[in-house]
Structure formats: structure tokens, C-alpha cells
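Accompanying notes for the structure given below.
Just so it is clear, none of the values below were taken in a lab; they were calculated from the coordinates. No experiment lies behind these values; they were computed from the predicted model shown. Backbone-built Cβ (ideal geometry, glycine too); neighbour counts: all protein chains shown.
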């Protein structure tokens with residue numbers, strides 16, 4: 001037996017609000033063309049210049065060589081993230097962009113105080129204008145952390161432009177770019193959900209399938225993906241992007257690709273792990289999307305859960321790792337500036353446990369609330385927890401446990 005102690009970040013804290021979503025209908029679908037929403041007949045694919053085949057190019061992206069599709073002066077990544085040559089030069093020079101659930105973690109690319117300024121091209125039709133303004137209102141109502149404000153003379157703003165025929169739907173940055181940044185909406189080819197999706201990028205959200213842990217929840221069916229489009233299914237880690245994620249994979253996220261996106265043969269490109277088809281949401285920000293926006297733009301203090309290994313045992317028949325879990329509070333969203341609590345804070349704790357018996361296992365979880373008393377920034381949540389435990393007989397598992405904690409801090413902007 002040997003004992004050692006170290007500390008690392010387990011997960012970021014979830015700043016959550018519970019919302020009642022009324023009148024949103026979601027059905028089961030087997031083909032993307034059959035997908036409908038409560039508000040529209042069709043889900044529009046968020047793809048830049050969808051009818052044009054670009055040139056697959058290798059670009060330098062944050063110090064890593066990756067593939068992108070070059071079309072009409074833009075390098076296209078993940079279908080609807082479009083960067084000019086100058087954008088890439090600025091990015092690679094260190095002027096980094098700012099992450100469904102899945103978000104970018106660069107403070108400089110958050111909109112200060114949650115104020116997002118925008119302009120709208122006045123050449124949109126009245127119906128298109130209604131879709132855009134409805135999306136902005138939905139985004140505003142979904143969270144109390146963001147304000148969408150028509151631009152007067154502000155330097156940093158989103159320019160929602162009417163794209164030419166076949167220009168598709170895309171954003172030219174993730175998070176606040178600095179200066180004008182574009183959301184391109186091809187005429188007659190978008191709806192409120194499409195706009196919400198692109199706004200998601202502009203405030204700092206990646207595609208949900210870009211999560212580094214996505215392979216625990218979905219299958220990427222590479223053989224069904226259009227030739228030259230596999231790069232659209234890379235995780236943010238594979239893109240060497242500064243990102244992170246909250247909670248578990250969110251099939252309801254408005255930032256998730258449809259299951260048939262970029263299919264070469266009519267077969268799905270993404271499925272659940274069991275091979276089933278999931279429903280695409282293009283009606284509203286999911287609870288997970290809202291949770292991520294609240295995390296990025298909510299009010300301090302922000303909490304982070306860490307765990308410290310206090311004991312480990314690795315014997316032929318027994319393997320045990322014991323941890324103590326702590327909650328720490330910070331003044332900034334990326335948890336780099338410690339701060340003491342000035343008032344008592346209540347958090348919700350989710351405890352997950354998986355019990356193994358032979359080849360069988362059973363998972364359970366329960367939630368409870370606990371209050372951290374004002375006066376410091378570091379609190380013990382649970383001590384000496386056997387987080388990983390396995391017992392074997394001649395190499396065969398007899399029984400074992402996995403245990404874990406996640407906390408949801410109910411901190412929101414006043």
C-alpha cells in the first residue's frame with residue numbers, strides 16, 4: 001500500500017436556474033427530413049455556403065494543423081463557423097477567441113456585463129425580421145444574465161446580415177470577437193431556431209458534439225460522413241481550442257448537430273450509443289444551454305468542486321482510491337481569483353453511485369442541499385469517500401463501486 005496526496009479540478013460548478021418551458025412539443029423522428037418543430041415545418045442546417053464544394057485546406061489553428069473547408073473567402077470549421085484569413089492571423093497571434101454546456105473559456109471573449117449589442121440588416125422581409133427579433137427575445141427571456149441591446153455607436157457588436165442565395169447560415173466567431181462580427185442568414189433559409197443557434201456561437205457556445213467526452217454518449221459514424229467533411233466532427237480538444245463543458249451530454253441542446261448532418265448516404269452521422277436516433281431541437285435553449293450561459297455570464301461568486309486523493313491501494317485483489325471533496329469560491333467565472341463568501345450560500349449536490357457485481361452494474365443517484373456559511377472560500381463537502389473501489393478473485397471482479405459528486409450552485413445575476 002502507498003499513500004499520496006494531490007489535488008486537481010474535477011468539474012466546474014453549474015450556475016443554474018430552473019425554467020418552465022411551456023408549449024414546446026418534441027417528437028421522435030427517424031429521418032432529418034421528417035423533423036419538425038413546434039414553430040416550423042423544417043429544421044434548417046446551419047452550414048455556410050451549403051451548395052458549394054470548397055477546397056479542403058490545412059490551416060494553423062491555435063498552434064495545431066487542422067483541416068478546414070475554404071469557400072468564398074472563409075475557412076469553414078464545423079459547418080457554420082467561418083473565419084477570414086485575417087481572423088486566423090489575429091487568432092494565431094494570440095488574440096484568442098473565446099465554450100450546450102460546451103463553451104469557450106477565454107475571459108476576453110465574453111460580452112462585458114452580459115451586454116450584447118447588435119444590428120439587423122433592414123433588407124430582411126417582415127417575416128424574416130419577425131424570426132430574428134423573436135429569437136433575440138427568446139434569448140433574452142431564457143436567461144437573466146444577458147441583455148441584447150440595439151447598437152448605437154458601440155465598438156463591439158453582432159451584425160446580423162442578409163446573406164445572398166446559397167450563402168447559408170454561419171457565425172464568424174465564437175464569443176465576442178471585437179469590432180463587428182457577422183451572423184449570416186441566407187434569405188428564405190432560416191427560422192427562429194437557426195438564429196438562436198448562431199447567437200449561441202456569438203456568446204461563446206460550441207457545438208454540443210464538440211465536447212471532449214462526447215464518445216461516452218454518442219457514436220460518430222465516420223463511414224457515413226461526406227468525403228472531406230470529417231473535420232466538422234472534431235472535438236474542441238482535437239481542434240486545440242480553449243474549451244470546457246458542464247454536466248453530461250445534452251441531447252436537447254440547440255447547439256447539437258442533427259443526426260443526419262453531413263451524411264453522404266442518407267444514413268445517420270451521429271446516434272446515441274445504443275444506435276438510436278435522437279430528436280433535434282431548434283425551438284429553444286435547453287436547460288443545459290441555459291445552465292451554461294448562466295455559468296458564463298452569471299454573477300459572482302462562482303464555485304468549483306475539487307477532490308484530493310488521500311489514500312490508494314493497489315493489490316492483486318483490491319483496488320481502492322479514496323478522495324476528499326472540497327468546494328471553493330472564486331470572483332471570476334473561470335475560477336482563478338479566490339474570494340470569501342460574504343453571505344451564506346445554499347447549493348444542490350448530486351451524488352452518483354454505480355455498483356458492480358460481476359459483469360452486471362446498477363447506477364443510482366440522489367440530490368440534497370447543503371449550506372456553506374459565510375467567512376471563507378474553501379469548504380469540505382465530503383471526506384474520505386471511496387470514489388473508486390474494485391475487488392477481484394483471480395482477475396474476475398466480484399464487486400465494486402464508482403462514486404462521484406456534482407454540485408449545482410444557484411448563483412444568478414441580481
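List of remarks:
- Simple spin-label estimate for residue 392 and residue 362 in nanometres, 7 Å along Cα-Cβ: 2.5
- Euclidean distance between Cα centres, the stretch 348-371 to the stretch 113-152, Å: 41
- Once the Cα-Cα distance is subtracted from the 0.36 nm per residue extended length, the residue 147 to residue 346 segment shows a gain of 69.0 nm.
- Prolate/oblate/rounded call for the stretch 309-414, Cα gyration tensor, a/c under 1.5 rounded: prolate
- When only alpha carbons are used to place a centre, the stretch 160-178 and the stretch 261-324 end up 28 Å from one another.
- Panel order for 234, 255, by other beta carbons found within 10 Å of each beta carbon, from fewest to most: 234, 255.
- Per-residue Cβ neighbour counts within 10 Å put 167, 210, 123 in the sequence 123, 167, 210, beginning with the fewest.
- Here the extension length gained between residue 273 and residue 180 equals 29.4 nm, from 0.36 nm per residue of separation less the Cα-Cα distance.
- The distance between label points at residue 164 and residue 373 comes to 6.9 nm (points 7 Å beyond Cα on the Cα→Cβ vector).
- As a proxy for reagent exposure, 323, 392 were ordered by neighbouring Cβ count within 10 angstrom, fewest first; the result is 392, 323.
- Nitroxide proxy distance, nm - points 7 Å out along Cα→Cβ at residue 399 and residue 154: 5.8
- Rg over Rh for the stretch 129-244 works out to 1.00, both radii taken from alpha-carbon positions and Rh defined as the Kirkwood radius.
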